[in-house]
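Values quoted throughout were computed directly from the atomic coordinates according to the rules given, and no laboratory measurement underlies them. What you are looking at is a predicted structure, and each value in this text was computed from that prediction instead of being measured. Here the Cβ positions follow ideal geometry from the backbone for every residue, glycine too, while neighbour counts run over all protein chains shown.
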Amino acid sequence: MTTDAQRNGRIAVVTGGGGGLGRACTLALLDAGWSVAVAGRRKEALEETVALAGVDPGRTAAVPTDIRNPDEVAALFDRVRRQFGRVDLLFNNAGAAVPRRPVADVPFEDWTRVMDTTVTGTFLCAQEAFRTMSSQSPMGGRIINNGAPSAHSPRPDSVAYTTAKHAVLGLTRALSLDGRRFGIACGQIDVGNVAPVDGSPQPPAMQADRTMAVEATIPVERFTEAVLLMASMPLDTNVQFLTVLPTTMPFIGRG
């Protein structure tokens with residue numbers, strides 16, 4: 001049976017959907033009428049995301065996936081093709097966070113964890129999306145990579161995270177160029193400080209002069225609205241880069 005989402009080209013894959021921004025975007029896409037396969041390493045968290053949506057089970061799939069593993073990524077997209085028939089949107093959201101440390105003190109394990117998840121994982125998912133989107137009918141689709149202001153300007157003691165997000169920026173540009181002949185649009189969203197979804201206070205952040213300050217935040221809805229805007233564009237239009245952040249957040253002129 002063909003669903004409305006399939007007919008309208010609204011089948012999405014969201015990585016890192018077991019919590020945080022990935023969960024928020026999954027719920028927003030489902031609320032907007034998309035069918036969504038949500039991926040992440042924690043099965044229980046993915047199932048909780050799906051349960052929170054409260055939609056027809058046929059519109060969702062919770063697929064435990066370690067995006068660092070090419071076989072698991074291939075299995076994720078195979079599951080989506082079998083259940084939904086196509087892929088119209090990939091939101092590459094998953095990443096890895098490690099404690100901030102001076103360059104000389106960064107453990108090799110922290111470096112590789114961030115690179116393997118944020119860079120390699122994003123590439124592997126984009127690669128599988130390309131394989132699907134370039135061969136389906138009608139051909140094409142959209143990839144949105146979750147970048148960060150640090151893809152353009154770093155914070156202190158964030159060498160692994162900053163390097164990984166710069167790599168995502170380069171990947172976004174390469175995918176955007178290589179996707180043209182297949183009708184695949186690729187853009188990047190860079191989001192600033194989002195208020196903690198659990199209502200806890202915003203912790204202070206290190207400034208360029210190494211003082212600490214509590215910075216302004218935006219509600220998560222500003223982020224999901226921006227992702228939905230990018231996702232809603234026809235494929236002849238691409239939002240290449242979109243930065244959404246509190247007006248007073250120290251980003252422009254950082255440092």
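Couplings 3J(HN,Hα) of the range 77-90, computed from phi: 6, 5, 4, 5, 4, 5, 7, 10, x, 6, 9, 9, 8, 10 Hz, in residue order, whole Hz [Karplus 6.51 cos²θ - 1.76 cosθ + 1.60, θ = phi - 60°; x for Gly and Pro]. Measuring spread by the Cα atoms of the range 114-215 yields a radius of gyration and Dmax of 16.7, 54 Å. In the chain, the longest principal axis of the Cα atoms and the axis of helix 20-31 are about 30 degrees apart. Amide H to amide H, with H built 1.01 Å from N, Leu90 comes under 5 Å of Val13, Arg142, Ile143, Ile144, counting only residues 5 or more places away or on other chains. Each Lys and Arg adds +1 at its Cβ and each Asp and Glu adds -1 at its Cβ; summed about the Cα centre, the chain shows a dipole of about 500 debye.
Amide H contacts for Gln188 (H built 1.01 Å from N in the peptide plane; partners 5 or more residues away or on another chain; cut-off under 5 Å): Asn145, Phe241, Leu242. Sorting 83-94, 154-165 by average packing, meaning the other beta carbons within 10 Å per residue, from highest down gives 83-94, 154-165.
Annotation: the antiparallel percentage among DSSP beta bridges lying fully within the chain is about 5.
State whether the range 185-242 is rounded, prolate or oblate according to the following rule on the C-alpha gyration tensor (a ≥ b ≥ c being the square roots of its eigenvalues): a/c under 1.5 gives rounded; otherwise a/b larger than b/c gives prolate, and the remaining case gives oblate. Judged from the Cα gyration tensor, the range 185-242 comes out oblate (a/c at least 1.5, b/c at or above a/b). The relative contact order of the range 18-162 comes to 22 percent, based on Cα pairs under 8 Å that sit 6 or more residues apart.
Counting every pair of alpha carbons in the chain, the share spaced more than 33 Å apart comes to 16 percent. Measuring how big the range 209-255 is from its alpha-carbon positions, Rg and Dmax come out at 14.5, 45 Å.
Peptide packing for 121-131, 232-242, 10-20 was compared via the average number of neighbouring C-beta atoms within 10 Å per residue; ordered from the highest value, the list is 10-20, 121-131, 232-242. Applying 1/(1 + (r/R0)^6) with R0 = 35 Å to the Cβ-Cβ distance of Leu52 and Val103 gives a FRET efficiency near 0.30.
On the beta carbon distance between Ile252 and Arg173, with R0 = 30 Å, the FRET formula returns roughly 0.90.
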